[in-house]
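The values are calculated or read from the model by the stated rules, or taken from the named source; none is laboratory data. From a predicted model like this one, the values you see are computed outputs, not experimental measurements. Here the Cβ is made from the backbone with ideal geometry for all residues, glycine too, and neighbour counts use every protein chain on show. Keep in mind that these areas ignore ligands, DNA and RNA; they rest on the heavy atoms of the full protein, side chains included. Shrake-Rupley method; radii C 1.70, N 1.55, O 1.52, S 1.80 Å.
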Amino acid sequence: MSIRLTNVSKGFEHTQVLSDISVTIAPGEFFVMVGPSGSGKSTLLRIIAGLTSVTAGQIYFDEREVTALPPKERNLSMVFQNYALLPFMNVAQNVRFGLDNQQLSANEKNKRVDWALDLVHLSGLRDRKPKALSGGQQQRVSLARALAAKTPLVLMDEPLSNLDAQLRAEMRAEIIRLHREIGMTLIYVTHDQVEAMTMGDRILVLDAEQIQQLGTPLELYNHPANEFVAKFIGTPEMNIVPITVNEHNQFSLGTEFAAQQAVPVPFALPAGHYHLGIRPEQLVPLAAAGTAALPATVADVQQLGNDTLIFSDCNGQQLVSRIPQQFEVAVGSRLQLAVPPQKGAWHLFDAQTGAAIKEGVADGGR
Amino acid sequence: MNRLKNGLQYLLLTGVAVLLLFPLLLGFWASLLPTKEIAAGRFLATNLSWHNYEQALLTTPLIRYLANSLVTAGLITFGQLLLCTLAADAFVFSDLHYKKQLFAVFLVTMMLPFEAQIIPNFQTIKAFGWLDHYAGLTVPFFTSAFGVFMLRQAFLQLPADLVRFGQYLGLSQLQFLWKIVVPYSRSMLVTFGLYTFLTQWNQYLWPLITTFSDDYRPVQVGLKQLQSEDTFANWGMLMATAMIVLVPTLVLLICGQKFFKHNLNAGGTKG
């Protein structure tokens with residue numbers, strides 16, 4: 001089922017939550033909506049579900065307008081953050097409960113329950129009460145309940161945020177597998193950018209009532225549309241620092257040009273003030289001092305085993321580097337951080353608006 | 001040190017328990033003695049028997065009183081469970097405007113003592129011709145602010161996601177109440193039911209002024225009636241009737257202990 005939102009807005013009494021959201025979701029797509037808490041992502045999901053009304057705009061399912069229809073008539077299922085299982089029913093009864101108001105024969109209902117429990121590998125626990133299950137198993141029951149209805153659209157509202165890290169990784173793979181096997185349209189809300197990156201075919205980044213960017217995980221990572229997306233996607237966060245460029249195509253950190261720290265820009269860039277974003281893995285220390293490098297003082301080192309994170313101070317700006325190996329360096333020692341020579345690693349943003357700058361940087365853009 | 005503290009605590013508890021149980025034990029003992037011995041003050045007599053119980057059941061309208069109490073307390077419990085549940089549902093799940101303000105006004109009625117309502121209630125019941133009738137005994141108690149308050153607190157504990165789940169399934173408000181809210185809160189409903197039944201079983205003032213015949217008189221008033229009848233100076237038998245009246249409440253209390261401990265505390269801290 002395809003979903004189309006046109007100019008959807010939602011306001012509560014005194015606050016605007018969503019402004020002018022327009023997006024089309026393709027049939028069978030794994031569509032992730034991500035944003036910090038309070039960004040309106042859950043509200044948008046509830047609007048699609050029909051649990052919340054819109055203040056303006058229209059919603060179409062397969063070109064049929066559903067804006068005013070109640071959830072029941074939209075033919076969808078939902079998975080909730082807190083599972084929403086009924087504690088007084090066992091696993092099988094819980095799965096069956098979602099089918100009770102559908103016009104199905106008892107035989108068909110039983111078949112659906114068995115099928116759904118089998119899909120989530122819970123057939124052996126069908127007589128247990130939810131209380132006797134782990135958090136991950138409870139969420140599987142909730143998934144089975146949503147799948148048993150065999151609706152063409154499934155909505156998931158932060159389904160993994162109550163689980164611990166290990167279970168979360170396991171369930172992530174599980175949901176991806178279920179989506180592949182069944183092929184329904186799946187709209188998934190999360191505040192976790194790792195979930196968004198690893199699961200979604202496409203990701204919608206929401207913040208401050210609005211769509212910040214819509215694209216595939218790699219589009220978002222390689223070509224963030226603005227500083228918000230740049231910082232939100234990727235861990236550790238992208239380094240974003242103010243820079244000043246002079247007429248000789250040299251730049252220095254800070255809002256004033258400092259000649260003694262000037263470093264050449266590896267491509268033609270008009271003079272002015274910018275915000276420069278560099279991913280931590282693109283900002284690595286040089287073995288020896290060079291001209292295209294920023295001198296920095298090591299403030300902290302975190303050894304992750306496979307990676308080393310180096311937090312350093314460069315001319316009053318905090319920078320972080322990620323080195324894909326174990327790397328010994330003492331706190332307080334001096335480093336030369338290499339400025340990446342390729343344009344693709346330079347993310348330039350307008351110093352005032354924070355929007356990505358595409359012109360003048362030529363082939364770096366899409 | 002710890003053992004000493006423990007021992008002292010047990011000593012204190014035992015002392016209080018004896019103090020509390022003494023009248024009950026005295027009553028039970030007296031119910032086994034012939035009235036003659038009691039009247040003569042010979043409490044240490046040894047000719048114990050169940051004779052008084054036999055007499056109480058066979059010669060007094062005690063069984064009728066018990067039945068009246070059972071019907072009255074049962075009807076009130078049913079009425080309160082039904083109406084308080086519906087009211088609490090409206091206060092929690094409906095889209096009523098000014099829900100909170102209305103609930104506050106509603107709570108004020110909890111602070112109005114029952115004694116203050118007796119005269120107007122009596123006049124109303126009299127006007128309806130419900131004096132000395134089950135209707136007069138039960139209808140005025142079919143709802144209580146306390147019950148609505150307690151159930152509202154219980155319903156508020158329902159996870160928000162379950163409410164949304166009910167919405168997306170398209171359950172009507174009554175279906176939602178019946179299929180999700182009531183089973184979810186059933187231990188609170190059982191506690192409230194037991195509490196109501198016990199309270200109503202022990203009602204005294206209202207049945208005293210609204211019943212005039214043994215056909216509708218409940219036990220508590222019945223006991224008083226037995227005592228005040230001229231011919232009735234049979235203390236042994238009176239004690240036996242009192243003991244019999246205690247039995248249903250004791251059974252309910254013991255069975256419901258688990259629920260009481262759990263839910264009344266929960267309501268207290270979460271409320």
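What is the one condition in (1) of a type in the set (Ser, Thr, Tyr); (2) in a loop (DSSP other than H, G, I, E, B); (3) at pLDDT below 90 that B:TYR216 does not satisfy?
Result: B:TYR216 passes all but (3).
Taking B:GLN101 as the residue in question, decide whether it is open to solvent by 70 Å² or more (accessible area, probe 1.4 Å) and touching a Lys or Arg at 6+ places or on another chain (Cβ under 9 Å). It would help to see each step written out before you state the result.
Details: open to solvent by 70 Å² or more (accessible area, probe 1.4 Å): yes; touching a Lys or Arg at 6+ places or on another chain (Cβ under 9 Å): no.
No.
If only one of A:PRO280, A:PRO264, A:PRO295 is touching a strand residue (DSSP E or B) at 6+ places or on another chain (Cβ under 8 Å), surrounded by 17 or more Cβ atoms within 10 Å (Cβ to Cβ), assigned by the TED database to the domain that holds A:ASN246 and closer than 22 Å to A:PRO242 by Cα, which one is it? Lay out the reasoning, then the answer.
Working: A:PRO264 fails: surrounded by 17 or more Cβ atoms within 10 Å (Cβ to Cβ); A:PRO295 fails: surrounded by 17 or more Cβ atoms within 10 Å (Cβ to Cβ).
Testing whether each residue is touching a strand residue (DSSP E or B) at 6+ places or on another chain (Cβ under 8 Å), surrounded by 17 or more Cβ atoms within 10 Å (Cβ to Cβ), assigned by the TED database to the domain that holds A:ASN246 and closer than 22 Å to A:PRO242 by Cα leaves just A:PRO280.
Could you go through the range B:3-14 and let me know if any residue there is open to solvent by 30 Å² or more (accessible area, probe 1.4 Å), of a type in the set (Ser, Thr, Tyr) and in a helix (DSSP H, G or I). Full working, then the answer.
Quick first cut of the range B:3-14, residues open to solvent by 30 Å² or more (accessible area, probe 1.4 Å) only: B:3-14.
Narrowing further to those that are of a type in the set (Ser, Thr, Tyr): B:10, B:14.
Still in the list and also in a helix (DSSP H, G or I): B:10, B:14.
The answer is yes, given that some residue of the range B:3-14 is open to solvent by 30 Å² or more (accessible area, probe 1.4 Å), of a type in the set (Ser, Thr, Tyr) and in a helix (DSSP H, G or I).
Tell me which of these B:GLY129 doesn't satisfy, since it passes every other one: (1) part of a helix (DSSP H, G or I); (2) away from chain A (no Cβ under 14 Å); (3) modelled with pLDDT of 90 or more; (4) more than 27 Å from A:PRO70 (Cα to Cα).
So B:GLY129 meets the others, but not (1).
For the range A:85-97, name all the residues that are more than 8 Å from every other protein chain (Cβ to nearest Cβ) and open to solvent by less than 10 Å² (accessible area, probe 1.4 Å).
Passing the criteria: A:VAL91, A:ASN94, A:VAL95.
Can you pull out every residue in the range A:34-56 that is more than 14 Å from chain B (Cβ to nearest Cβ) and surrounded by fewer than 18 Cβ atoms within 10 Å (Cβ to Cβ)?
We begin by selecting, within the range A:34-56, every residue more than 14 Å from chain B (Cβ to nearest Cβ); these are A:34-41, A:44, A:54-56.
Correct list: A:PRO36, A:SER37, A:GLY38, A:THR55, A:ALA56.
Does the range A:192-227 hold any residues that are over 24 Å from A:TRP346 (Cα atoms) and not in a helix (DSSP H, G or I), and which are they?
Within the range A:192-227, A:ASP192, A:GLY200, A:ASP201, A:ALA208, A:GLU209, A:GLN210 meet the criteria.
Could you tell me which residue of the range B:176-190 is farthest from A:THR52 (Cα to Cα), considering only residues that are more than 8 Å from chain A (Cβ to nearest Cβ) and β-branched (Val, Ile, Thr)?
B:VAL190
Taking only the range A:57-84 into account, find how many residues are without any contact (Cβ under 8 Å) to a residue 40 or more places away in the chain, touching a strand residue (DSSP E or B) at 6+ places or on another chain (Cβ under 9 Å) and either at the interface with chain B (Cβ under 8 Å from one of its Cβ atoms) or among the aromatic types (Phe, Trp, Tyr) (or both).
1
Any idea how many residues of the range A:98-135 are within 14 Å of chain B (Cβ to nearest Cβ), assigned to a loop (DSSP other than H, G, I, E, B) and open to solvent by less than 30 Å² (accessible area, probe 1.4 Å)?
Matching residues across the range A:98-135 total 2.
Can you tell me which residue is nearest to the other protein chains (Cβ to nearest Cβ) among those in the range B:140-175 that are assigned to a loop (DSSP other than H, G, I, E, B) and without any contact (Cβ under 8 Å) to a residue 12 or more places away in the chain?
Initial filter on the range B:140-175 (assigned to a loop (DSSP other than H, G, I, E, B)): B:142-144, B:157-159, B:170-172.
Next, only the ones that are without any contact (Cβ under 8 Å) to a residue 12 or more places away in the chain stay: B:159, B:170-172.
Numbers: B:PRO159: 5, B:GLY170: 3, B:LEU171: 7, B:SER172: 10 Å.
Among those that are assigned to a loop (DSSP other than H, G, I, E, B) and without any contact (Cβ under 8 Å) to a residue 12 or more places away in the chain, it is B:GLY170.
Restricting to the range A:153-184, give me the number of residues that are open to solvent by less than 10 Å² (accessible area, probe 1.4 Å), assigned to a helix (DSSP H, G or I) and over 13 Å from A:VAL32 (Cα atoms).
Residues flagged as open to solvent by less than 10 Å² (accessible area, probe 1.4 Å), assigned to a helix (DSSP H, G or I) and over 13 Å from A:VAL32 (Cα atoms) within the range A:153-184 amount to 2.
Checking the conditions here, which among B:PHE212, B:PHE176 is over 21 Å from the mean Cα position of the chain (by Cα) and loosely packed, with under 15 Cβ neighbours inside 10 Å? Show your work before the answer.
On the way: B:PHE176 fails: loosely packed, with under 15 Cβ neighbours inside 10 Å.
Only one candidate passes the filter, namely B:PHE212.
Any chance you could count how many residues in the range A:57-84 are touching a helix residue (DSSP H, G or I) at 6+ places or on another chain (Cβ under 8 Å), open to solvent by 10 Å² or more (accessible area, probe 1.4 Å) and of a type in the set (Lys, Arg)?
So the answer is 1.
Does B:ALA160 fit the bill of being surrounded by 21 or more Cβ atoms within 10 Å (Cβ to Cβ) and either among the charged types (D, E, K, R) or modelled with pLDDT of 90 or more (or both)? Give the steps one after another, and end with the answer.
Values: surrounded by 21 or more Cβ atoms within 10 Å (Cβ to Cβ): no; either among the charged types (D, E, K, R) or modelled with pLDDT of 90 or more (or both): yes.
The answer is no for B:ALA160.
If a residue has to be among the polar types (S, T, N, Q) and touching a residue at least 40 places away in the same chain (Cβ under 8 Å) to count, how many in the range A:24-39 make the cut?
Quick first cut of the range A:24-39, residues among the polar types (S, T, N, Q) only: A:24, A:37, A:39.
With the extra rule that they be touching a residue at least 40 places away in the same chain (Cβ under 8 Å), the set shrinks to A:37, A:39.
Residues that pass the stated criteria total 2.
For a quick check of your reading of the model, give me the residue pairs whose first member lies in the range A:164-185 and is assigned by the TED database to the domain that holds A:VAL79, whose second is charged (D, E, K, R) and part of a helix (DSSP H, G or I), with beta-carbon atoms closer than 7 Å and at least 6 apart or on different chains.
A:ARG172/A:GLU195
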